[in-house]
Amino acid sequence: MKTTARIFAASAALLLLATNSSAQDSFFDGDSSSGFGSFEGSSSSIPVEFSGTLKADGRAYLDKDVDGKDTGFEAKNFKDLRNVPTDADASAKIGIKYTGNKADAEVKLLFQKDIIKDHPFDVIDELTLSGYMGNFTLNAGKMKITWGKGDKLHVLDNFNADDYTDFIFPDYLDRRISTPMAQAIYAPAYSNGVISNVRVEAVYTPFLPTDRFANQGYWLPGQVGALKSTVTGIVSTNLAAKLAAKDALTTTDAGYIPAEKAYLEYLTYANSLMDDPESLYPETNTVKYSQFGTRVTATFKQFDVGASYYYGHYKQPSVDLSSYYSDAAAIASNTAFLTNYGSAIQSGAISKEDAIKAFAIQSGTELSLPQLHYDRKQTFGLEASTILWHFNLRGEATFNLTEDTKGDNPWVHNNSVAWLAGFDIDLPFANMNVNIQETGSLTLNYDKVKDGTFKEYDADYNAGHATNNRLVANITTSFMNEKLAPEVTVMYGIERGDLVVMPKIVYKPVPDLSLTASGMYLGCKDEESEFYAWENNSFVQLGARVEF
């Protein structure tokens, strides 16, 4: 609560500072011809701009068994509209920008329920301070940067993490999580008949932002749910083992008080872990998890080209269950375990995993919790774009170098290559644009982890496929002098057979107001589909947006 209050106080101070400055003629040395609107009552123009976006959305989910609950509603026959599960959200983004002679400053504030409650630091959506020194530009703050030539899809854009708490629906930049960073840009005034627009860039972040996923609700990922179930099971077993050890003693036994203390301590830990499952994750706000990268781009005749290098980490965690399975293997080879449970396991009366947990409770054996970590990686990238006839062509390619070059460590990502290739074209009717992109990856030495206990927990597990390709198509058009703009996006997972269809229509009765009707259909081939955990989450949505 104190953090949230401080952020609101800082936000209010920024707004008051910018507002009060209009009454002070000498606070900013502005040029009256700067192009910014002047404030009435001031003898000079103040180079400060205000902007903002206010949004409200309402969503209705159309399938039964949404979020694991039988809603009694089926989209196919519309039996009972009263049971349609609904959701709503509202947000406000406020921007303040100062433009000076040799320096700029800009802040964007984002007010949204989940941000204020769970991530108050991100109320400051972006804060950028810029200084201009000839051919050099220095930027610093809480920023978002984009590397690569893809159109809202990238394979070499590594510095910012993504917020997937609402799946992939927010626009690419809105989905990115800003992070404190410093950026230096050198753009020499060099040009000849072959090479021009040279730009050299270096970026550093002092720690690692990580991808954000829902911990519960409609968009809880299957992997997160499975991990939560595994951890809950282990913690419950360990807690029961400590309770059994305490109950085996009497209050007169010398070991009773230590056993009770151990149980109470673990009970407190278990409750804390269930309330805050992210406590399992490593602390990434350290120099150990800092990121660094360089990028060079230029125009070579009719081609825009670039090369980049990134040193950092994956934004999604890998899980190490080796200690847990080592403990389980030790129990499974125990003579007493085989005597008590061997025949029951063979007859199918109890699974081996449940028998191991039962024996751990009886013997007071504690099972190790999963260890989570963010794998280190280096990314070497190439990018290019050009125009061929009426086609805008673009592409990206990367090689990801990790600490598991042999590919035989299931708990660490293998080396891999990734690519993006696509085009868009404006068609000569209805202001139509067709945009098609394909992204894919190839995991090197994918088969080094053989079938067995660890296969499905392999950091690179992909339903038996070394490759993972997605085809994304976006078609936009507009009518009525661009007041009415239909759009549809289709994404298809080639190996796993996932299909996502997202239609949208935007109506702008006046320039600053947008009314939107949108939706999503999600289809999965089978349980191996990448989006299987969300297959019942198809929805329709209505929204309104005002920009100023």
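Every read-out reported here was derived from the displayed coordinates using simple, explicitly stated rules and does not represent laboratory data. Every value quoted in this text rests on a predicted model; they were computed, and no experiment measured them. FYI the Cβ positions are ideal-geometry reconstructions off the backbone, even for glycines, and counts take in every protein chain you see.
Once Rh for the stretch 80-141 is found with the Kirkwood sum over Cα pairs, what is the Stokes-Einstein diffusion coefficient at 10 °C and 1.306 mPa s, in µm²/s?
111 µm²/s
Here the 3J(HN,Hα) profile of the stretch 322-336, calculated from phi with Karplus coefficients 6.51, -1.76 and 1.60 at θ = phi - 60°, is 4, 5, 4, 5, 5, 5, 5, 5, 5, 5, 4, 8, 6, 4, 5 Hz, Gly and Pro shown as x. Shape analysis of the stretch 445-548 yields a ratio of the Cα radius of gyration to the Kirkwood radius, Rg/Rh, of 1.18. Given the -39500 (n - 2.57) contribution per DSSP H run of 4+ residues, what per-residue ellipticity at 222 nm results for the chain, rounded to the nearest 500 deg cm²/dmol? After summing the helix terms and dividing by the residues of the chain, the value is -6500 deg cm²/dmol.
Dipole orientation for the stretch 185-289: of the candidates PRO221, SER191, PRO209, SER191 has the Cα lying most toward the positive pole (charges on Cβ; Lys, Arg +1; Asp, Glu -1). Pick out, in residue order, every one of the trypsin sites (Lys or Arg not before Pro) in the stretch 265-349 that is DSSP loop and has at most 15 other C-beta atoms within 10 Å; say none if there are none. In loop regions of the stretch 265-349 (DSSP not H, G, I, E or B), the sparsely surrounded trypsin sites (Lys or Arg not before Pro) are LYS301. When only the Cβ of Lys, Arg, Asp and Glu is charged (+1, +1, -1, -1), the dipole of the stretch 215-362 relative to its Cα centre reaches about 500 debye. The orientation-averaged projection of the convex hull spanning the C-alpha atoms of the stretch 383-520 amounts to 11.3 square nanometres. Once the Cα atoms are used to define both axes, helix 256-275 deviates from the longest principal axis of the chain by about 30 degrees.
Hey, got the dipole for the stretch 476-543? About the Cα centre, +1 on K and R Cβ, -1 on D and E Cβ, debye to the nearest 20? Result for the stretch 476-543 is approximately 460 debye, rounded to the nearest 20. In summary, the convex hull built on the alpha carbon positions of the stretch 294-442 has an orientation-averaged projected area of 15.6 nm². A convex hull fitted around the alpha carbon atoms of the stretch 154-309 yields 145 Å³ per residue. Over all pairs of different C-alpha atoms in the stretch 282-381, the reciprocal of the mean inverse distance, the Kirkwood hydrodynamic radius, equals 17.9 Å. Each of THR99, ALA349, ASN468 was scored by the projection of its Cα onto the charge dipole of the chain, and the greatest displacement toward the positive side belongs to THR99; charges sit on the C-beta of Lys, Arg, Asp and Glu. Across the stretch 331-411, the volume of the C-alpha convex hull divided among the residues equals 206 Å³ per residue. Take the Cα coordinates of the chain, assign each an equal point scatterer, and use the Debye formula without solvent to give log10 I(q)/I(0) at q = 0.06, 0.09, 0.10, 0.13 Å⁻¹. Debye intensities relative to I(0), on a log10 scale: -0.40, -0.87, -1.06, -1.62. Just to be sure I follow: if Rg is taken over the C-alpha atoms of the stretch 401-477 and Rh is the Kirkwood radius over the same atoms, what is Rg/Rh? So for the stretch 401-477, dividing Rg by the Kirkwood Rh gives 1.24. With kT/(6 pi eta Rh) evaluated at 37 °C and eta = 0.692 mPa s, and Rh the Kirkwood radius from Cα pairs, the stretch 309-358 diffuses with a coefficient of 249 µm²/s according to Stokes-Einstein. Peptides 182-194, 510-522 ranked from most to least packed by the mean count of surrounding Cβ atoms within 10 Å: 510-522, 182-194. Here the stretch 122-250 is assigned +1 on the Cβ of each Lys and Arg and -1 on the Cβ of each Asp and Glu. Its dipole about the Cα centre then comes out at about 320 debye. Of the GluC sites (Glu not before Pro) found in the stretch 413-519, those that fall in a DSSP loop while having at most 13 other beta-carbon atoms within 10 Å are GLU482. A viscosity of 1.567 mPa s and a temperature of 4 °C, combined with the Kirkwood radius over C-alpha pairs in the Stokes-Einstein formula, give the stretch 188-256 a diffusion coefficient of 69 µm²/s. Taken over the stretch 450-494, the alpha-carbon convex hull comes to 82 cubic angstrom per residue.
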